[in-house]
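**Q** Can you read through this structure? Questions will come right after.
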Amino acid sequence: PMRPGFICCVILFLCSATETFANDFEKTEYKSDSSRTLQYALLKPQKVEAGKKYPLLLSLHGAGGRGNKNWERNCFANKVLSGREMRSQYPCFILAPTVSKQGSWKSESMDDVLELVGKLLKKLPIDPDRVYVTGQSMGGGGTYEALARKPELFAAGVPVCGGNKVENAKKIAAIPIWAFHGEKDRVVHVDRGRAMIEAIKKAGGKPRYSELPGVGHNSWTPAYKNQEMWKWLFSQKRAKAKSS
């Protein structure tokens, strides 16, 4: 029979192997033009080919991720996309910023994030027509917020269990959006998600909306495991502005 110590070693090895998804994220900080400091983690494609440009995904954490130093784990999208197979299938840059324990994506932190995206577009081989944003809970609301503050920047957005001011719907109606929300969500009530989608439709948009029956606030788990969603997201390209 196997010795207990050997079994424990095997278990520890397997557990550590499942945690390697986050190893390639680089943690750093950005000093904004307004002298504020934004902390963030960045994941680059496994192999950056010369002359090739890659998508950028802005990934926004929920309230539970505020002040959490495991920045890259604060949004479940990061864990899914940083898996070996997904990194091979969808090579991209992932930008995972964080806010303080009292912070919010509706504050000046979002201005700093968008400013940083602009700097990264000039610094890294990023395709400016394939910049995406997603987030869960507070980050779902932050996804709508990012789209509303700089609609010309993004090719698509995936808000998960998030709400926002319905007045912003007109600003983002032209952007491809696929929203997810749990039917039983009592933290960010499903009515908030429904209201946002209806407002976007009334503004002339054609958002996709997946309401998950029986699911509570953790709708990010099925949302980010949805392979059809990722295929849809990475196929989106920013619409060219019409010349007058």
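The values are calculated or read from the model by the stated rules, or taken from the named source; none is laboratory data. As the structure is a computational prediction, the values presented were derived from the model and not from experiment. Please note: Cβ atoms are built from the backbone with ideal geometry, for glycine as well, and neighbour counts cover all protein chains shown. Accessible surface is based on the protein model in full, side chains and every heavy atom, while ligands, DNA and RNA are left aside. Shrake-Rupley method; radii C 1.70, N 1.55, O 1.52, S 1.80 Å.
**Q** Can you give me the number of residues within the range 176-189 that are touching a strand residue (DSSP E or B) at 6+ places or on another chain (Cβ under 8 Å) and either among the small types (Gly, Ala, Ser) or surrounded by fewer than 21 Cβ atoms within 10 Å (Cβ to Cβ) (or both)?
**A** Residues in the range 176-189 being touching a strand residue (DSSP E or B) at 6+ places or on another chain (Cβ under 8 Å) and either among the small types (Gly, Ala, Ser) or surrounded by fewer than 21 Cβ atoms within 10 Å (Cβ to Cβ) (or both): 3 in total.
**Q** Say whether the condition of being open to solvent by 70 Å² or more (accessible area, probe 1.4 Å) and part of a loop (DSSP other than H, G, I, E, B) is met by at least one residue in the range 226-236.
**A** For the range 226-236, residues open to solvent by 70 Å² or more (accessible area, probe 1.4 Å) and part of a loop (DSSP other than H, G, I, E, B): absent.
**Q** Quick one: which of Gly51, Gly67 is modelled with pLDDT of 80 or more and open to solvent by 70 Å² or more (accessible area, probe 1.4 Å)? If you could, list the steps in order and put the result at the bottom.
**A** Working: Gly67 fails: open to solvent by 70 Å² or more (accessible area, probe 1.4 Å).
Exactly one of Gly51, Gly67 is modelled with pLDDT of 80 or more and open to solvent by 70 Å² or more (accessible area, probe 1.4 Å), namely Gly51.
**Q** Looking for whichever is surrounded by 17 or more Cβ atoms within 10 Å (Cβ to Cβ) and either basic (Lys, Arg) or free of Cβ contacts under 8 Å to residues at least 40 places away in the same chain (or both) here; the options are Met110, Met138. Which one fits?
**A** Of the residues listed, the single one that is surrounded by 17 or more Cβ atoms within 10 Å (Cβ to Cβ) and either basic (Lys, Arg) or free of Cβ contacts under 8 Å to residues at least 40 places away in the same chain (or both) is Met110.
**Q** For the range 170-196, name all the residues that are in a helix (DSSP H, G or I), of a type in the set (Val, Ile, Thr) and more than 16 Å from Ala146 (Cα to Cα).
**A** Listed by number, the list holds a single entry, Val190.
**Q** Cβ-Cβ below 6 Å, separation at least six or inter-chain, first residue in the range 87-102 and open to solvent by 30 Å² or more (accessible area, probe 1.4 Å), second at pLDDT 95 or above and not in a helix (DSSP H, G or I): which pairs?
**A** Pairs found: Pro91/Pro45; Pro91/Tyr54.
**Q** Turning to a different aspect of this structure: Only one of (1) open to solvent by 10 Å² or more (accessible area, probe 1.4 Å); (2) free of Cβ contacts under 8 Å to residues at least 40 places away in the same chain; (3) touching a strand residue (DSSP E or B) at 6+ places or on another chain (Cβ under 9 Å) fails for Ala173. Which number is that?
**A** The one condition Ala173 does not meet is (3).
**Q** Is at least one residue of the range 150-165 surrounded by fewer than 24 Cβ atoms within 10 Å (Cβ to Cβ), modelled with pLDDT of 95 or more, part of a loop (DSSP other than H, G, I, E, B) and touching a Cys at 6+ places or on another chain (Cβ under 9 Å)?
**A** Taking every residue of the range 150-165 in turn, none turns out to be surrounded by fewer than 24 Cβ atoms within 10 Å (Cβ to Cβ), modelled with pLDDT of 95 or more, part of a loop (DSSP other than H, G, I, E, B) and touching a Cys at 6+ places or on another chain (Cβ under 9 Å).
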